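One structure is given here, and the rest of the page talks about it.
The values are calculated or read from the model by the stated rules, or taken from the named source; none is laboratory data. Since we're looking at a predicted model, the values are computed, not measured. Glycine gets a Cβ as well: all are built from the backbone with ideal geometry, and neighbour counts include every protein chain shown.
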Amino acid sequence: MLFETHTHLNDKQFDEDRQQVIKRATDAGISYILNIGYNRETIPSSIKLAETYPFFYTSVGWHPQDAISCTEKDLEWLFSLTHHQKVVAIGEIGLDYYWDTSPKDVQQEVFRKQIRLAKEVSLPIIIHNRDADDDVIRILKEENADEVGGVMHCFSGDTALMKTCISLNFSIGIGGPVTFKNRPVLKEVASSVPLDKLLLETDSPYLAPHPYRGKRNETAYVRLVAEEIAKLRQMTVQDLAHATTENAKKLFQII
């Protein structure tokens, strides 16, 4: 029983074979799937997936790359959607200093507003952080985001950053890159993160694990992530799957 905590199965890359991809996921032992909605286009289709499949859940949020387009009406819309029974998190939200699509000050303001929204509706936060460690941590502290906590999606930092995130009540989401030979720091994080703070994800269709690196990722491959981390931690895949699934169910308040 595995919990895929971050995927984009509503992405157009799955338009031709979405049902088959979902079947391969369930055949691989994935029992829960959290699909991510992150702008005007992806949120409705993500909610539709969650309404169609009983084992699907969704988040709603505004991605930092799209921050420049986020209006007060959009934030009000997000707030209204949080009452949907399948909406279990706010995200993915955060900062992305790699892609120059939204000014940093705009990203930061939209990030802050969504943290406040998450606190108002008591939902955990899914953090997108790319090349913005210091500002992400500073804003999480200043906005008291630890009150709701959440997950650092696709974590790529070192053990020091991992410990800081955990101190702020955030779990660590690890995906396909942990299987890459050239990611020793991430392997160290996967080995040392407290088991009760570890979550599994794919971020499909992106970041496919070895041996599919460079190809389209899909949710079934979360098993490959689990196998690699179990090997690093010297434990069985079954025990890792059980622990990380319980972690996700607790964080996202899924009974």
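Based on what the data block shows, is residue 189 within 24 Å of residue 23 (Cβ to Cβ) and buried (at least 19 other Cβ atoms within 10 Å of the Cβ)?
Values: within 24 Å of residue 23 (Cβ to Cβ): no; buried (at least 19 other Cβ atoms within 10 Å of the Cβ): yes.
In short, no.
Return the residue satisfying two criteria in turn: it lies in segment 41-69 and is among the hydrophobic types (A, V, I, L, M, F, W, C) and over 19 Å from residue 120 (Cα atoms), and of such residues it is surrounded by the fewest Cβ atoms within 10 Å (Cβ to Cβ).
68
Matching residues to (1) without any contact (Cβ under 8 Å) to a residue 40 or more places away in the chain; (2) of a type in the set (Val, Ile, Thr):
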residue: 79; (1), (2): no, no
residue: 82; (1), (2): no, yes
residue: 91; (1), (2): no, no
residue: 96; (1), (2): yes, no
residue: 99; (1), (2): yes, no
residue: 103; (1), (2): yes, no
residue: 111; (1), (2): no, no
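Of the residues that make up segment 198-220, is at least one of a type in the set (Lys, Arg), more than 16 Å from the chain's Cα centre (by Cα) and within 21 Å of residue 36 (Cβ to Cβ)? Even if it seems obvious, please write down each step before you answer.
To start, the set of residues in segment 198-220 that are of a type in the set (Lys, Arg) comprises 213, 215-216.
From the residues that got through so far, the ones that are more than 16 Å from the chain's Cα centre (by Cα) too are 213, 215-216.
Within this subset, residues satisfying the condition of being within 21 Å of residue 36 (Cβ to Cβ) are 215-216.
Yes, that holds for at least one residue.
Out of curiosity, is residue 57 in contact with a Lys or Arg (Cβ under 8 Å, 6 or more places away or on another chain) and in contact (Cβ under 8 Å) with a residue 60 or more places away in the chain?
Details: in contact with a Lys or Arg (Cβ under 8 Å, 6 or more places away or on another chain): yes; in contact (Cβ under 8 Å) with a residue 60 or more places away in the chain: yes.
Yes, satisfied.
I'm checking my understanding of the structure. Among residues of segment 208-251 that are among the basic types (Lys, Arg), assigned to a helix (DSSP H, G or I) and touching a residue at least 60 places away in the same chain (Cβ under 8 Å), which one is surrounded by the most Cβ atoms within 10 Å (Cβ to Cβ)?
Checking each candidate, the answer is 223.
If you check residue 51 against the conditions, is it closer than 19 Å to residue 114 by Cα and at pLDDT 95 or above? Working first, answer last.
Values: closer than 19 Å to residue 114 by Cα: no; at pLDDT 95 or above: yes.
No.
For the condition at pLDDT 95 or above and farther than 19 Å from residue 159 by Cβ, what is the one hit in 193, 237, 225?
It is 237.
So is residue 17 surrounded by fewer than 20 Cβ atoms within 10 Å (Cβ to Cβ), within 17 Å of residue 202 (Cβ to Cβ) and modelled with pLDDT of 95 or more or not?
yes
Looking at (1) in contact with a His (Cβ under 9 Å, 6 or more places away or on another chain); (2) under 20 Å from residue 216 (Cα atoms), can you tell me which one residue 60 breaks?
(2)
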